[in-house]
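**Q** Just dropping this structure here.
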Amino acid sequence: MLHIVACIKQVPDTKIIKMNPKTNTMDRASAPAILNPYDAHAVEEAVRIKKKYGGIVSVLTMGPPPAVKAIKKCIEIGADEGYMISDRRFAGADTLATSYALTKALDKIQKIRPVDLILCGKMTIDGDTGQVGPGIARRLDIPPLTSVKKVEAVHQEEGHIIVHRKIEDGHEVIQSTLPCLLSVEKEINEVPYSSFPNMIKAARYDPVIWSVDDLEDVDIKQLGLKGSPTIVAKVWAPPKPEGGKMLEGSPDDQVDQILSVILEKKELFQAKGGS
Amino acid sequence: MSERFDCIVVGAGPAGIACAYELAKGGAKVVLIERGEYPGSKNVMGGVLYRQMMEDVIPGFYKEAPLERPIVEQRFMMMDKESAVTFGYKGMEWGKEPYNNFTVLRAKFDQWFASKAVEQGALLINETVVTECIVEEGRVVGVQTDRPDGEVYADVVVLADGVNSLLAKSLGFHKEYRPDEVALATMEILKLDKKIIEDRFNLEPNQGCTIELFGDATNGILGTGFLYTNKDSLSIGVGTLLSGLIKHKIRPYELLEYVKNHPMIRPYLQGSEQQEYLAHLIPEGGYKSMGKVVGNGVIVVGDAAQLVNAIHREGSNLAMTSGRIAAETILLAMQAGDFSEALLDRYRVKLMNSFVGQDMKKYKDSTHHFDKFPQYFDQYIPMMNRAASQMFTVDGKSKWEKQKKIWKDIGSPREKIKIARDAYRAWKVMK
Ligand SMILES: Cc1cc2nc3c(=O)[nH]c(=O)nc-3n(C[C@H](O)[C@H](O)[C@H](O)COP(=O)(O)OP(=O)(O)OC[C@H]3O[C@@H](n4cnc5c(N)ncnc54)[C@H](O)[C@@H]3O)c2cc1C
Ligand SMILES: Cc1cc2nc3c(=O)[nH]c(=O)nc-3n(C[C@H](O)[C@H](O)[C@H](O)COP(=O)(O)OP(=O)(O)OC[C@H]3O[C@@H](n4cnc5c(N)ncnc54)[C@H](O)[C@@H]3O)c2cc1C
């Protein structure tokens, strides 16, 4: 039976969040915590694969205790099991330390049930790096397939998967061995409104929660702030784009106006890479 | 077929949560279905939570619940255009355990209250709308939700879906409200520094003040306003009968702007920042507008049953008490294995014998009375203001002379009799 693990993260809703104008950092208390939207697509894709080929979907997160809510959201979408690693010693992790900790948790999940496929979101809406997925793949020494926008087929018996990857001028269809890791794009699917029985299941669900001590072969030095070589040297807000100008008049007038603006400022357009 | 429950409670406001809490505590298998993202996310209340009825559900709740401020002072402001006669009471006994009332923000409070029901074993399902009751052979046997595979079955369904309960209406329990049976209230939560609030309202930390506004607060339309202190915000709102808004062709937010800019109110709000704008209906038809509250397999509680005492701005407490009594009745019905209207009617009887029913009856004429006789708001409050102004203005005239003038200004002997009669009537409906 296929075992698919989706890695998920709880993030502040950055559509609503307020920035602290003094420090330029997010005021996390100002926005509700939600399931990273890309990760909802990862879970949904896992559930679709399960529905087609049979199997079990687990989700894994590293986060503080309230992140249980994000796991419950995944159960609503249709995941079967939820695992969470939560410990003060994980705090302050950058992508390197995050992928290390998640890999240790995946090792433990493997022992419960071998993992065939790992799904991640394209990126988080708070950290935005998109590095954690490939980081996990590298540590597990399995192929990372990023920018996946379609899962064509999963052949567990033959041990391979066929997916469509988004590339700059179209997409490529590639086959990879299993197990492997996919980072999925938003367009891969639509997350439907969860069924009532799934809502009930989620309301009752208690995830498995592990601390550092529950994991094996952990090098404490590689966890959390200590294991994070990333240094934030400076944070600043990008300058707001300048006002701009509204063109008025008939469509023809407006075309004339915009043409004269372009001709007038042609150096500007050339400097930006035009010719 | 989907899972069965002993009871489905629709709506996680004070009524529904109190009911689910008591049911779960009594060992029933109960599911509480709420359409909002979380309980309280859409709920609106000026914010006075009455301690007694909450303690009937969770004794000593104030030790852990997210409350804003215990209220130590209640003021009543009779407003004219540029003046106000204010009276009030402040007492330190209200500032210590067990307290009297508290201001609350419902988004926080309901969420906490619901988490207590979950602790007792109730299953809370958010973000789910109940679209109709499932009726089989003349009895309610479950509900349909808007989700895939969305039907749920139970022995009893409790409708706690708030004012204008579409579910109770579709069962034929009540009709569409008339515009003079429901008030539309709008309010804002204004962020203001804690220290400024305490200075402005003459409070110590952990003390709160409520001001009820009458007369010009609603620009002459029958209704009331309020200004309450929270920890680091103020709640200000106005509520008027829908019929009044229609008659005066004024939009609710215009009325709120009016009171916010009133010279008696503006200084309290200075420097504050709008945090939230909310609007909600209040059922104010009272006892006479109450519909059917019990049927086979179904009970209606809280605002859905029109349980609001408009004169005293009480609603959440009536809601909680009705939810609690409904739960008691359902636990009894479970023992008897009988969920018929005949047995569940014990809820109605008990409710009408409790303070809820007594107050509903006592104030049955009050809103209608003030709606029928607008002179209370149009004439008497300005009259009070003029009298106070004349009396307290020191201009060399003797107080005796002033009293004579005030008396004369009130009008002819006939008008004086009319005022005396009105005063008596008002006292009778409000006492
Ligand atoms: C410059 C910079 C400064 C930062 N400063 C801080 C800080 O001061 N404090 C702080 O707390 N954080 C900080 N972070 C964030 C922190 O490093 C990242 O949030 C974290 O390492 C995960 O990376 P990401 O959010 O970019 O995830 P991405 O790499 O964008 O995530 C890709 C996918 O990986 C998976 N994934 C990511 N994180 C998790 C997780 N925790 N559990 C399970 N799956 C996951 C999800 O599937 C996700 O869709 C900072 C990040 C950067 C780049
Ligand atoms: C501006 C204003 C000020 C007020 N001030 C006070 C005050 O100071 N003190 C006081 O005691 N009372 C006050 N009230 C009255 C008080 O708010 C109500 O009486 C009280 O909230 C009633 O509780 P309830 O549980 O019956 O309904 P509600 O609190 O309205 O709860 C109903 C719940 O049901 C949910 N729901 C509705 N339909 C569905 C559906 N189909 N499916 C699923 N869920 C559904 C709603 O989302 C909501 O959470 C005030 C009201 C207003 C509008």
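**Q** Answer yes or no as to whether A:Lys9 is basic (Lys, Arg), touching a residue at least 12 places away in the same chain (Cβ under 8 Å), in contact with a strand residue (DSSP E or B) (Cβ under 8 Å, 6 or more places away or on another chain) and within 14 Å of chain B (Cβ to nearest Cβ).
**A** Judged against the criteria, A:Lys9 is not a match.
**Q** If you check B:Gly220 against the conditions, is it more than 16 Å from ligand 1 (Cβ to nearest atom) and either part of a strand (DSSP E or B) or open to solvent by less than 10 Å² (accessible area, probe 1.4 Å) (or both)? Don't jump to the end; show me each part of the working.
**A** Numbers: more than 16 Å from ligand 1 (Cβ to nearest atom): yes; either part of a strand (DSSP E or B) or open to solvent by less than 10 Å² (accessible area, probe 1.4 Å) (or both): no.
In short, no.
**Q** Follow-up. Working carefully through the options B:Gly302, B:Gly297, B:Gly291, B:Gly286, find the one that is at negative phi, small (Gly, Ala, Ser), more than 16 Å from ligand 1 (Cβ to nearest atom) and open to solvent by less than 40 Å² (accessible area, probe 1.4 Å).
**A** B:Gly291
Table: residues versus (1) closer than 17 Å to B:Arg139 by Cβ; (2) in the same structural domain as B:Gly47 (by TED's automatic domain parsing); (3) among the charged types (D, E, K, R); (4) in contact with a Gly (Cβ under 8 Å, 6 or more places away or on another chain).
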site: B:Glu273; (1), (2), (3), (4): no, no, yes, no
site: B:Val294; (1), (2), (3), (4): yes, yes, no, no
site: B:His312; (1), (2), (3), (4): no, yes, no, no
site: B:Leu318; (1), (2), (3), (4): no, yes, no, yes
site: B:Ile325; (1), (2), (3), (4): no, yes, no, no
site: B:Lys362; (1), (2), (3), (4): no, no, yes, no
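**Q** Now, a different point. Could you figure out which of (1) modelled with pLDDT under 95; (2) surrounded by fewer than 21 Cβ atoms within 10 Å (Cβ to Cβ) isn't true of B:Thr186?
**A** Among (1) modelled with pLDDT under 95; (2) surrounded by fewer than 21 Cβ atoms within 10 Å (Cβ to Cβ), the lone unmet condition for B:Thr186 is (2).
**Q** Can you name the strands (runs of 3 or more DSSP E) wholly within segment A:18-96 that have at least 1 residues being closer than 19 Å to B:Pro148 by Cβ?
**A** The strands (runs of 3 or more DSSP E) meeting that bar are A:56-62.
**Q** Within segment A:97-113, can you find the residues that are more than 13 Å from ligand 1 (Cβ to nearest atom) and either assigned to a helix (DSSP H, G or I) or closer than 20 Å to A:Lys221 by Cα (or both)?
**A** Residues satisfying the conditions are A:Asp107, A:Lys108, A:Gln110, A:Lys111, A:Ile112.
**Q** Which one of B:Asn385, B:Asn309, B:Asn317 is more than 16 Å from ligand 2 (Cβ to nearest atom), open to solvent by less than 60 Å² (accessible area, probe 1.4 Å), of a type in the set (S, T, N, Q) and in contact (Cβ under 8 Å) with a residue 12 or more places away in the chain? Talk me through it step by step, then tell me what you get.
**A** Details: B:Asn309 fails: more than 16 Å from ligand 2 (Cβ to nearest atom); B:Asn317 fails: more than 16 Å from ligand 2 (Cβ to nearest atom).
None of the other options fit; the residue is B:Asn385.
One line per residue, one yes/no per condition, for (1) within 14 Å of chain A (Cβ to nearest Cβ); (2) within 15 Å of ligand 2 (Cβ to nearest atom):
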| position | (1), (2) |
| --- | --- |
| B:Asp6 | no, no |
| B:Gly11 | no, yes |
| B:Glu22 | no, yes |
| B:Arg35 | yes, yes |
| B:Tyr38 | yes, yes |
| B:Gly47 | no, yes |
| B:Val72 | no, no |
| B:Arg75 | no, yes |
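**Q** So, one more: Those residues that are away from chain B (no Cβ under 14 Å), part of a helix (DSSP H, G or I) and open to solvent by 80 Å² or more (accessible area, probe 1.4 Å), I need them from segment A:204-215; list them, please.
**A** Correct list: A:Asp213 only.
**Q** When A:Thr129 is evaluated against the numbered criteria (1) β-branched (Val, Ile, Thr); (2) open to solvent by less than 60 Å² (accessible area, probe 1.4 Å); (3) within 14 Å of ligand 1 (Cβ to nearest atom); (4) assigned to a loop (DSSP other than H, G, I, E, B), which criterion, by number, is the only one it fails?
**A** (2)
**Q** Going through segment A:12-39 one residue at a time, which ones are more than 14 Å from chain B (Cβ to nearest Cβ) and buried (at least 22 other Cβ atoms within 10 Å of the Cβ)?
**A** Matches in segment A:12-39: A:Asn36, A:Tyr38, A:Asp39.
**Q** Is it true that some residue in segment A:51-60 is open to solvent by 30 Å² or more (accessible area, probe 1.4 Å), within 12 Å of ligand 1 (Cβ to nearest atom) and either within 14 Å of chain B (Cβ to nearest Cβ) or in contact with a strand residue (DSSP E or B) (Cβ under 8 Å, 6 or more places away or on another chain) (or both)?
**A** Within segment A:51-60, not a single residue is open to solvent by 30 Å² or more (accessible area, probe 1.4 Å), within 12 Å of ligand 1 (Cβ to nearest atom) and either within 14 Å of chain B (Cβ to nearest Cβ) or in contact with a strand residue (DSSP E or B) (Cβ under 8 Å, 6 or more places away or on another chain) (or both).
**Q** Output the residues belonging to segment A:96-114 that are out of contact with any helix residue (DSSP H, G or I) (no Cβ under 6 Å at 6 or more places or on another chain) and open to solvent by 10 Å² or more (accessible area, probe 1.4 Å).
**A** A:Leu96, A:Lys104, A:Asp107, A:Lys108, A:Gln110, A:Lys111, A:Ile112, A:Arg113, A:Pro114
The values are calculated or read from the model by the stated rules, or taken from the named source; none is laboratory data. Nothing here was measured: the structure is a model prediction, and the numbers come from that model. Virtual Cβ from ideal backbone geometry, glycine too; neighbours counted across all protein chains shown. When the accessible area is computed, the model is the full protein with side chains, heavy atoms only, and any ligands, DNA or RNA have been set aside. Shrake-Rupley method; radii C 1.70, N 1.55, O 1.52, S 1.80 Å.
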